[in-house]
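The next block holds one structure in the form of structure tokens; read it before the comments.
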Amino acid sequence: MPSRYAYIWEYRVRPEAAVEFERAYGSEGVWAELFRRHEGYVRTELHKDLKRPAWYLTIDYWRSKEDCEDFRGCFASDFEALDRECERLTVEERYFGEFSRVGQG
């Protein structure tokens, strides 16, 4: 089933932690590994700003908002532990928003 729901986070990464951040937040990183525990997870994309190299966006795709919420309920403690562990990689992070796909296909 294709994704119909996504949420986006924006990060400013510590320069010395960029490689580790990219490994952790990329499509094969520890975050995606955690998300894959739920059948509603589709994929993660990591994007780096071309003009501000310390800035990144993550886009996490789910089949539905309900799947994402179910994941957060089932894996809340694992999510919080990983979030605490990864805090040291960033200077700031901001929730950008949640989106649903428009149209078919």
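General remarks:
- Between the listed residues TYR56, CYS74, PHE21, the Cα displaced farthest toward the positive end of the dipole of the chain, a dipole computed from Cβ unit charges relative to the Cα centre, is found at TYR56.
- Only helices enter this figure: runs of n ≥ 4 DSSP H residues, each worth -39500 (n - 2.57), summed and divided by the residues of the chain, yield -9500 deg cm²/dmol at 222 nm to the nearest 500.
- Proximal charge balance of GLY26 [Cβ under 15 Å; K/R count +1, D/E count -1]: -2
- Net length gained if the chain between VAL19 and GLU85 were fully extended (0.36 nm per residue, minus Cα distance): 22.2 nm
- Computed from Cα positions, the angle between helix 65-74 and the longest principal axis of the chain comes to roughly 70 degrees.
- Column: log10 I(q)/I(0), Debye, Cα scatterers of the chain, q = 0.16 Å⁻¹: -0.70
- The phi torsions of region 9-17, fed into the Karplus equation with coefficients 6.51, -1.76 and 1.60 and a -60° offset, translate into couplings of 10, 10, 10, 10, 9, 4, x, 6, 10 Hz, rounded to whole numbers, with Gly and Pro shown as x.
- Near GLU85: Cβ cut-off under 15 Å, other residues only, Lys/Arg at +1 and Asp/Glu at -1. The net charge is -3.
Bear in mind these aren't lab numbers, they're just calculated from the coordinates by the rules spelled out. The structure displayed is predicted, hence computed values, not measured ones. Cβ sites come from the backbone with ideal geometry, for glycine too, and all protein chains shown count toward neighbours.
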